[in-house]
Amino acid sequence: MQIVILTVGKLKERYWREAEEEYRKRLLAHASCLVEAVQDEPDQGAAERIRETEAGRLLAKLRERDHVIALDSRGKKMTSQHFSEYLGLMSARGYGRYVFVIGGSRGLAPSVLERADLTLSFSDFTFPHQLMRVILLEQIYRAFRIQTGAPYHK
């Protein structure tokens, strides 16, 4: 199984990069994990144009058979347990590559949400995309720990 975190923009701050690396290292026991960032658009002009430009870059990275999960505050909410069960079910259905898409500061364009197999919300709150990367990686790690019955989940 391969986990891909496809995101807009790079992590500039060292502490975010270190947190991301820690969870990627932990995930190695369960799956390969790749983080791929596309260039973000300068925060100038219409939000819809910015989202669509970034969407073109994101969609170009997706493969036909990818199981795509877009993160959006209007998406489906799950508990950690349900998220773990969902990943297990998708794995049983033969999906080998899971791509989690995190938008930039303006969010995701409708074209990305339409391509997604699932739109997932972690909260009604809005999080910076740097923090969301770390939260997502932690929840993926937690999901695998739940699946294996390891003592991480409480």
Filtered residue count, the stretch 117-129, keeping only those that are more than 20 Å from A143 (Cα to Cα) and either of a type in the set (A, V, I, L, M, F, W, C) or in contact with a His (Cβ under 8 Å, 6 or more places away or on another chain) (or both): 2
Flag if G9 is on the phi > 0 side of the Ramachandran plot and either hydrophobic (A, V, I, L, M, F, W, C) or in contact (Cβ under 8 Å) with a residue 60 or more places away in the chain (or both): yes
Within the stretch 123-140, considering residues that are surrounded by fewer than 18 Cβ atoms within 10 Å (Cβ to Cβ) and at pLDDT below 95, the one nearest to E54 (Cα to Cα): P128
Filter result (of a type in the set (A, V, I, L, M) and more than 20 Å from Q2 (Cα to Cα)) within the stretch 75-111: M78, L108, A109
Every residue from the stretch 54-64 that is over 15 Å from L118 (Cβ atoms) and in a loop (DSSP other than H, G, I, E, B): K61, R63, E64
Candidate set from the stretch 5-35 (those that are within 23 Å of S105 (Cβ to Cβ) and more than 16 Å from the chain's Cα centre (by Cα)); member that is modelled with the lowest pLDDT: K12
Residue that is farthest from G103 (Cα to Cα) [pool: residues in the stretch 39-68 that are in contact with an Asp or Glu (Cβ under 7 Å, 6 or more places away or on another chain) and either at pLDDT 95 or above or not charged (D, E, K, R) (or both)]: H67
Residue check, M1 over 19 Å from M132 (Cα atoms), surrounded by 14 or more Cβ atoms within 10 Å (Cβ to Cβ), without any contact (Cβ under 8 Å) to a residue 24 or more places away in the chain and not polar (S, T, N, Q): no
Which numbered condition A70 fails, given (1) crowded, with 18+ Cβ neighbours inside 10 Å; (2) free of Cβ contacts under 8 Å to residues at least 24 places away in the same chain: (2)
Some residue of the stretch 39-53 being within 16 Å of the chain's Cα centre (by Cα) and not in a loop (DSSP other than H, G, I, E, B): no
Of all residues in the stretch 75-95 being among the small types (G, A, S) and surrounded by fewer than 12 Cβ atoms within 10 Å (Cβ to Cβ), the one that is farthest from E64 (Cα to Cα): A92
Single residue of the stretch 10-38 satisfying the filter (in a loop (DSSP other than H, G, I, E, B) and in contact with a strand residue (DSSP E or B) (Cβ under 7 Å, 6 or more places away or on another chain)) that is surrounded by the most Cβ atoms within 10 Å (Cβ to Cβ): A31
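The values are calculated or read from the model by the stated rules, or taken from the named source; none is laboratory data. Source: prediction; values computed, not measured. Quick reminder, even Gly has a Cβ in these numbers, built from the backbone with ideal geometry, and neighbours come from all protein chains shown.
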